[in-house]
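The next block holds one structure in the form of structure tokens; read it before the comments.
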Amino acid sequence: MLKPFLWGAGLALISLTAHAQQTVGGELANLREDVRLLSQKVGSLTLKVEDLERENETLRKQIASAAHNQAYATVNQLNDAIATLDRAMKAGDSATAASAAAQIKKLGDATNAALDSLARGQAQRATVQTTFTENFPSEGISYTVQRGDTISDIARKTGAKVSDIINANKISDPTKVRVGDTLFVPGGK
């Protein structure tokens, strides 16, 4: 009777040991998977940090280059140059005063050049007509704008006046006529 009991206890012990090993083995496998996933995430984050560092370095170089190639004078630069000139004049230092005056002139020239460049860009913009007259012939033809046509070309082709075409069609910007637009050409043939 003791033998079957021992045999049953032994089976129970083996079963418990097997179950414990499965549980520990399962937990160990889960931990390994967690470590593997964390390693992947760390690797991914490392790559992202490296990318950000490269991008940051590129931006630093661009900023340094932009500061080096600065084509205009900042208000602080002008204020510093004026303060240096003022100190030199008060101290009676003519060499420093001349140097500061030359620097102010250089900064002023750079600023004027930048302003001239901006002004040229504004001057190239076409003027926009906002008022129109009714002083054009009431007889005329329809014309469909073709590729490459300008108001001047259309006027030349049809024998009309540019101003009549602009007024009849209320065209505020003659450079914005599009292919396929149908225009009334007063006095056109």
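Quick look at the values:
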{"quantity": "Considering residues of the stretch 154-189 that are in contact (Cβ under 8 Å) with a residue 40 or more places away in the chain and in a helix (DSSP H, G or I) only, the residue surrounded by the fewest Cβ atoms within 10 Å (Cβ to Cβ)", "calculated": "Thr175"}
{"quantity": "Close pairs (8 angstrom Cβ cut-off, 6 or more residues apart or separate chains): under 8 Å from Leu183 (Cα atoms) in the stretch 141-153, among the hydrophobic types (A, V, I, L, M, F, W, C) and surrounded by fewer than 11 Cβ atoms within 10 Å (Cβ to Cβ) anywhere", "calculated": "Val145/Val179"}
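Each reported figure results from applying straightforward, stated rules to the coordinates on display, with no laboratory input. Small disclaimer: the values here were computed from a predicted structure and weren't measured. Using ideal geometry, Cβ is built from the backbone for each residue, glycine included, and neighbour counts are taken over all protein chains shown.
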